[in-house]
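Take a look at the structure below.
The values are calculated or read from the model by the stated rules, or taken from the named source; none is laboratory data. Just so it is clear, the structure is predicted and the values come from calculations on it, not from any experiment. Cβ placement follows ideal geometry from the backbone for every residue including glycine, while neighbour counts extend to all protein chains displayed.
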Amino acid sequence: MLGVSVPIATTPVSSPKIRYLAIGINLQFALPLPLAEVRGIARSVAKWTWRHFSNEKFSELQRHRINIRWADHISAEMTKPWAAEGVSRAHLVSPAA
């Protein structure tokens, strides 16, 4: 054999979790797809996910979404409403029991 083969077990294609999830979703439709079609879709989703996602990419995506979500947020630290009332912030936080 000239080429290098990658064992199926090292890729998510053999993962039954994605396949079972796809089958479960498919069964919710009035006219479900054939089982072979669902397996093919699950295999395709697994391959795409394996190639395009990692913990680092996921963290980067979450960080980006958080920055978008909180972009217009004005925190109490910035406005310091307790200073206008002449009290320190320590009085606003209840002591730990």
> Inside segment 55-87, can you point out the residues that are surrounded by fewer than 11 Cβ atoms within 10 Å (Cβ to Cβ) and either touching a Phe, Trp or Tyr at 6+ places or on another chain (Cβ under 7 Å) or under 27 Å from Tyr20 (Cα atoms) (or both)?
Replying inline: Asn55, Glu56, Lys57, Phe58, Ser59, Gln62
>> I'm trying to understand the selection: among the residues of segment 47-75, which are of a type in the set (Gly, Ala, Ser) and under 15 Å from the mean Cα position of the chain (by Cα)?
In response: Ser54, Ser59
>> Regarding segment 36-45, can at least one residue be identified that is loosely packed, with under 11 Cβ neighbours inside 10 Å, within 22 Å of Ser15 (Cα to Cα) and at pLDDT 90 or above?
In response: yes
> Of the residues that make up segment 85-92, is at least one assigned to a helix (DSSP H, G or I), among the hydrophobic types (A, V, I, L, M, F, W, C) and at pLDDT below 85?
Replying inline: yes
